[in-house]
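Peer 1: Got a structure for you, written out below as structure tokens; questions coming shortly.
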Amino acid sequence: MPRHYSRRQLLQWVGSAGGSAALYQVSVALGLLPLTRSVKAQVVKARGERRSVVLLGAGLCNLAITYELEKAGFDCTIIEASGRIGGRNLTVRSGDVIDEIGQPQKCEFDDAPHLYFNASVARIPAHHHLVLGYCRELGVELEVFITENRHALVQDDNAYCGRPLQMREYVADARGFMSELMSKAIDTRVFDAEFSGEDAERLSAFIRAYGDLDKQGRYKGSDRAGYASGGMTTPAIKKGTLDFSELLKSNFWRRGMHWAEAQDYAAPLMQAVGGNDKIFKAFLPHLKARIVMGAQVQTVTLKEEAVQISYNEDGQRKHITADYCFNSIPANIMNGIPNNFSKNYRGGLASFGRGKLMKIAFQMKERFWERQDIYGGISWTNQPIEQIWYPSHGINKQKGIMLGSYAWTNAHSEWFGRMTPQARLDEAIRQGTKVHPNYADYIENGVSVIWHRMNHQLGCTSSLSPEARNKYLKLLQKPEGRHYMVGDQISYQPGWQEGALSAAHHALHEFNTRVQLAKTG
Amino acid sequence: MKKVVLCILSLTLVLSPGIICAAEPVTSQPTPERFIYCTVCHGTAFQGNRSLDAPNLSILGTWYVKVQLMNYKKMIRGGAGAKNHVQEMQQMVTALDEDAIGEVSAFVGTMKSTPASSTIFGDSARGAKLYQSCGTCHGADGLGNETFGAPRLAGQHDWYLERELVSYRNGSRGAAEGDLYGAQMRASISMLEDEESIRDVLVYINTFNQTLNKN
Ligand SMILES: Cc1cc2nc3c(=O)[nH]c(=O)nc-3n(C[C@H](O)[C@H](O)[C@H](O)COP(=O)(O)OP(=O)(O)OC[C@H]3O[C@@H](n4cnc5c(N)ncnc54)[C@H](O)[C@@H]3O)c2cc1C
């Protein structure tokens, strides 16, 4: 431990401890806050010839592009391989088929408006201006998504004999113990003259407030951890403190504890009322385009002044030639579709990796968690299921759809992916029981969505490594002939709708520049 | 067997090959609906896709495709402990019965060969010498030989062949009980003593005429 702390180090420390709120204030002070951006895409009106556009893939990105191009008078046709529109924006409801490759499942949920499972898109942060802008423009109703819940649980096989703890207890005690250490460090005068006088006093008050210490700088427990009992008609009884060394053994402090500090996960977040697929569905009534379904693109051929696509429809090979093409097919699948792109461009497409995330959802006959004070949010465990989610919607209703797992680690997703759908549910129940004993008693049915096994997706994202991104992203953001590669994959935010819509607007900007040049030139 | 023959006939009768213009890459007739999922990984012309670890099937004969699909089915390839991509392929046959396996093998057998491009560098002349012993089974032109169960190598992706040769060597392929063909190939791998020999022989295999018809 360094013996002297400079002002800057302190600010850094406050920044990481105080999280995004503190950073926000610093940004305001330094005038670093982004200006409110316009969500309007500029597209020149189509006139005369050259107005046909073919779009590959009917995901959010291409739906938004079609919406903008049609406003400007272009004729659009969308070619989609799968049997549904929406791509990776998927909400699963009663009777839906989950198109897992080689192993389709059917969803047995009851048919009720609140009994749905957002298998991919879960949350929208406030700085996702394009997503929120389109929701406003198209009338998608939003509600709050609970990103962090201090009543949710923290469970780790390596700490407290695997006993689940309330997150608020863990967090309060972790801060208390840390602050007590800091407070002791001040006492022993390891701080140099920089922190003499008022600064030192403020710092010591900050530390006491941060950890809820007593006047002597000791941590004796805090009501932030929740009361053990009482507090209404009888006096509140504080909880005793946890064992610090056990607390450190839990892996919760590595990730989960700071989750809601992160750029994209800080409260408040939003979701669409009734399921996040309302977002892409809001575009559909405004579109005139023909959407060809069950039509897997077979080849992409750049011509001198056009792009030719061959695809399968009803067991037959068909062709379509258009003036322009927007292609959102996951790049690692596109790498298996014959084309005549340049070598370098193909090299870019061949560099995408597969993101592997998976979710398991259960229909619960009773919202038992709400009787344990848990309304929405996430519980954390060190087991391969990683996270358990409680729905932010349908609070106080009888039944609910809860996530029995949301795994982010490739090895965990692959492991679940190799199981049969039933074995996945059994395994998720076995692990979940450590977090919620008797969990299984409430489960009526369940489904799993293993994103790297979903047909025509084979990944929760197709994304570039940072090195490959440096090498290829700029190239892929430029048109290849009259062909534009799009989708969240062509952005710094793969795995976010904002990435998909940003890529859409970027491509429209490129497109617009070309069309304008053609007009004036 | 009869079923397979019938199937090939009906496919060739019903599906006329698409008209291919000069600039467009080579493709064959549309893949039947129920086997489209194979092409999501293996490519729409079954030409293979390195991004998904999937080999070129367009060069392979019906007989070999069938043998390997049955190997996956019986977990001779892709059993517990196998690498994730091998298990991933293994799961792709769980929903297929023997008839369906015959059907898809027959379809793959009708695909036009799309040769792979080479990615490996090495000493082709040395590779040619090393290949002499391989040729006994795989044929001097690398076109394969059904009698020995030896697949076509000409036109296959070199990164895949390399990966498989390493697998034979370390026993993750060819060592499972009941894998007779695999055991034969595994016995032959000792001829390639190191990585360099593997690369040299693959560079030589890349020189084969890849457009020849398959057998
Ligand atoms: C697990 C998970 C969690 C997520 N969480 C969030 C979140 O909380 N918030 C958020 O904003 N975003 C989230 N996302 C990201 C969001 O889902 C995507 O960014 C967005 O849906 C991508 O849209 P797209 O149009 O770029 O691509 P896609 O939706 O992938 O569209 C591509 C389309 O191409 C089609 N296609 C594939 N092959 C072919 C072919 N050969 N021929 C024709 N069509 C083909 C596909 O079927 C698909 O419809 C999440 C995604 C996942 C998987």
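The values are calculated or read from the model by the stated rules, or taken from the named source; none is laboratory data. What you see is a predicted model, and the numbers here were worked out from it, not measured in a lab. Heads up, the Cβs are rebuilt from the backbone with ideal geometry, glycines too, and the neighbour counts pull from every protein chain shown. To get the accessible areas, we keep the full protein, side chains included, count just its heavy atoms, and leave off ligands, DNA and RNA. Shrake-Rupley method; radii C 1.70, N 1.55, O 1.52, S 1.80 Å.
Peer 1: How charged is the neighbourhood of A:Gln271? Take every other residue with its Cβ under 9 Å from the Cβ of A:Gln271, and add Lys/Arg as +1 and Asp/Glu as -1. If you can, show how the numbers build up before the last one.
Peer 2: Values: positive: A:Arg123; negative: A:Glu143.
So the environment of A:Gln271 carries a net charge of 0.
Peer 1: Starting from the Cα of B:Ala175, step 7 Å toward the Cβ, then list every residue of the stretch B:59-91 with an amide N under 18 Å from that point.
Peer 2: Taking a point 7 Å out along Cα→Cβ of B:Ala175, the residues of the stretch B:59-91 whose backbone N falls under 18 Å are B:75-87.
Peer 1: Among the DSSP beta bridges whose two residues both lie in chain A, what percent are antiparallel, rounded to the nearest 5? It would help to have the intermediate numbers written out before the result.
Peer 2: On the way: 48 of 67 bridges.
Given both bridge residues lie in chain A, the antiparallel proportion sits at roughly 70 percent.
Peer 1: Now for a separate question. Of A:Met485, B:Met191, which has the most accessible area and how do the rest follow, probe 1.4 Å? Don't jump to the answer; show the numbers that get you there.
Peer 2: Details: A:Met485 10, B:Met191 85 Å².
If we order A:Met485, B:Met191 from most to least accessible, we get B:Met191, A:Met485.
Peer 1: Along the stretch A:338-345, what does the Karplus equation 6.51 cos²θ - 1.76 cosθ + 1.60 (θ = phi - 60°) give for ³J(HN,Hα), rounded to whole Hz, x for Gly and Pro?
Peer 2: With coefficients 6.51, -1.76 and 1.60, one gets x, 7, 10, 5, 5, 4, 5, 4 Hz.
Peer 1: At q = 0.10 Å⁻¹, what base-10 log of I(q)/I(0) does the Debye formula yield for the stretch A:255-377 when every alpha carbon is treated as an equal point scatterer in vacuo?
Peer 2: After summing over all Cα pairs, the log10 values are -0.62.
Peer 1: What is the sum of charges around B:Gly182, taking Lys and Arg as +1, Asp and Glu as -1, for the other residues whose C-beta is under 13 Å from the C-beta of B:Gly182? Mind showing how you got there, number by number?
Peer 2: On the way: positive: B:Lys74, B:Arg77, B:Arg169, B:Arg173, B:Arg186; negative: B:Glu164, B:Glu177, B:Asp179.
Combined, the nearby Lys, Arg, Asp and Glu give +2.
Peer 1: Three principal axis extents, largest first, for the C-alpha atoms of the stretch B:124-205, in Å?
Peer 2: Extents along the principal axes, in whole Å: 36, 26, 20.
Peer 1: Extending each Cα 7 Å along its Cβ direction at B:Gln184 and A:His129, get the distance between those two points in nm, one decimal.
Peer 2: 6.7 nm
Peer 1: Let me know the whole percent of all Cα-Cα pairs from the stretch A:167-249 that are separated by more than 19 Å. Could the numbers behind the result be given before it?
Peer 2: On the way: 1488 of 3403 pairs.
I get 44 percent for the Cα pairs in the stretch A:167-249 exceeding 19 Å.
Peer 1: Rounded to the nearest 10 degrees, what's the angle between the helix A:129-138 long axis and the longest principal axis of chain A, both from Cα atoms, 0 to 90?
Peer 2: Its long axis makes an angle of about 60 degrees.
Peer 1: May I ask you to give the solvent-accessible area per residue for the stretch A:333-461, in square angstrom, as obtained with a 1.4 angstrom probe? Write out the running numbers ahead of the final one.
Peer 2: On the way: 4210 Å² over 129 residues.
Here the per-residue accessible area is 33 Å².
Peer 1: Take A:Arg254, A:Arg354 and sort them by solvent-accessible surface of the protein heavy atoms, 1.4 Å probe, largest at the top.
Peer 2: Values: A:Arg254 165, A:Arg354 40 Å².
Putting A:Arg254, A:Arg354 in descending order of accessible area: A:Arg254, A:Arg354.
Peer 1: Taking amide H positions as placed in the peptide plane 1.01 Å from N, state which residues far from A:Asp75 in sequence (5 or more) or on other chains have amide H under 5 Å from it.
Peer 2: A:Ser52, A:Val53
Peer 1: On a full-extension model of 0.36 nm per residue, what is the gain between A:Asp110 and A:Asp314, subtracting their alpha-carbon distance, rounded to one decimal in nm? Mind dumping the intermediate values first?
Peer 2: On the way: separation 204, 0.36 × 204 = 73.44 nm, distance 3.27 nm.
Separation in residues times 0.36 nm, less the Cα-Cα distance, equals 70.2 nm.
Peer 1: While we're here: Express the accessible area of the stretch B:124-205 per residue in Å², computed with a 1.4 Å probe while the remaining protein chains stay in the model. If you can, show how the numbers build up before the last one.
Peer 2: Numbers: 3850 Å² over 82 residues.
Per-residue value: 47 Å².
Peer 1: With each label point set 7 Å from Cα along the Cα-Cβ vector, what nm distance links A:Met293 and A:Lys519?
Peer 2: In this crude spin-label approximation the distance works out to 3.6 nm.
Peer 1: Output the Cα-based Rg and Dmax of the stretch A:147-295 in Å, rounding Rg to one decimal and Dmax to a whole number.
Peer 2: 23.0, 74
Peer 1: Compute, for B:Trp63, the solvent-accessible surface of its heavy atoms (probe 1.4 Å) with the complete set of protein chains present, and express it in square angstrom to the nearest 10.
Peer 2: 40 Å²
Peer 1: Name the residues whose placed amide hydrogens come within less than 5 Å of the amide hydrogen of A:Thr461, ignoring near sequence neighbours (fewer than 5 apart) on the same chain.
Peer 2: A:Gly355
Peer 1: Moving on. Roughly how many whole Å is it from the C-alpha centroid of the stretch A:54-88 to that of the stretch A:220-287?
Peer 2: The distance from the Cα centre of the stretch A:54-88 to that of the stretch A:220-287 comes to 37 Å.
Peer 1: Let me ask something additional. Over the stretch A:167-249, average the accessible area per residue using a 1.4 Å probe and give it in Å², no decimals.
Peer 2: Solvent-accessible surface per residue comes out at 57 Å².
Peer 1: Same structure again: Could you give the length gained by full extension between B:Phe35 and B:Ala140, i.e. 0.36 nm per residue of separation minus their alpha carbon distance, to one decimal place? Numbers along the way, then the final one.
Peer 2: Numbers: separation 105, 0.36 × 105 = 37.80 nm, distance 3.30 nm.
34.5 nm is the gain from fully extending B:Phe35 to B:Ala140.
Peer 1: Rounded to two decimal places and with Rh computed the Kirkwood way over Cα pairs, what is Rg over Rh for the stretch A:39-99?
Peer 2: Details: Rg = 14.5 Å, Rh = 13.2 Å.
Here the Rg-to-Rh quotient is 1.09.
Peer 1: Right, something else. Quick one: 3J(HN,Hα) in Hz for the stretch A:420-429, Karplus 6.51/-1.76/1.60 with θ = phi - 60°, rounded, Gly and Pro as x.
Peer 2: Couplings: 6, x, 5, 4, 4, 5, 4, 5, 5, 5 Hz.
Peer 1: Which value in Å does the Kirkwood hydrodynamic radius of the stretch A:91-130 take, with 1/r averaged over all unlike C-alpha pairs and then inverted?
Peer 2: Working: mean 1/r = 0.0835 Å⁻¹.
This gives a value of 12.0 Å.
Peer 1: Let me ask you something else. Let me cross-check A:Ser120: its accessible surface, 1.4 Å probe, with only protein heavy atoms counted, in Å² to the nearest 10?
Peer 2: Probe radius 1.4 Å; accessible area of A:Ser120 about 30 Å².
Peer 1: Once the Cβ-Cβ distance between B:Thr147 and A:Asn438 is put in as r, and R0 is 56 Å, what FRET efficiency do you end up with, to the nearest 0.05? Mind dumping the intermediate values first?
Peer 2: Values: r = 62 Å, r/R0 = 1.11.
After rounding to 0.05, the efficiency reads 0.35.
Peer 1: With the solvent-accessible surface defined on protein heavy atoms using a 1.4 Å probe, which residues belonging to the stretch B:38-78 display a reduction of at least 40 Å² in accessible area in the multichain context relative to the isolated chain?
Peer 2: B:Val40, B:Thr44, B:Asn49, B:Ser51, B:Leu52
Peer 1: Please state the equivalent ellipsoid semi-axes for the protein assembly as shown: what are the square roots of 5 times the Cα gyration tensor eigenvalues, largest first, in whole Å? Don't jump to the answer; show the numbers that get you there.
Peer 2: Values: eigenvalues 518, 213, 145 Å².
Here the semi-axes work out to 51, 33, 27 Å.
Peer 1: Given a 1.4 Å probe and every protein chain left where it sits, what share in percent of the accessible area of the stretch B:124-205 is carbon and sulfur? Each step should come with its number before you reach the end.
Peer 2: Working: 2070 of 3850 Å².
Solvent-exposed carbon and sulfur of the stretch B:124-205 make up 54 percent of the total.
Peer 1: Tell me, what is the 1.4 Å probe accessible area of A:Asp110, in Å² to the nearest 10?
Peer 2: For A:Asp110, solvent-accessible area is about 60 Å².
Peer 1: Please compute how much accessible surface disappears when B pairs with A, both sides summed, using a 1.4 Å probe, and round it to the nearest 100 Å².
Peer 2: On the way: alone 11600 and 24340 Å², together 33200 Å².
Using a 1.4 Å probe, the pair buries roughly 2700 Å².
Peer 1: Okay, next question. Rounded to the nearest 500, what is the protein assembly as shown's calculated 222 nm mean residue ellipticity when only DSSP H runs of at least 4 contribute -39500 (n - 2.57) each, over all residues?
Peer 2: Details: 22 runs with 259 residues, N = 736.
That comes out to -11000 deg cm²/dmol.
Peer 1: Next question. Using only the heavy atoms of the protein chains and a 1.4 Å probe, how would B:Tyr160, A:Tyr492, B:Tyr181 rank by accessible area, largest first?
Peer 2: On the way: B:Tyr160 20, A:Tyr492 150, B:Tyr181 95 Å².
So, going from the largest accessible area down, we get A:Tyr492, B:Tyr181, B:Tyr160.
Peer 1: Can you give the net charge of the other residues whose Cβ lies under 11 Å from the Cβ of A:Glu305, counting K and R as +1 and D and E as -1? Mind showing how you got there, number by number?
Peer 2: On the way: positive: A:Arg50, A:Lys303, A:Arg482; negative: A:Glu49, A:Glu304, A:Asp323.
My count for the surroundings of A:Glu305 gives 0.
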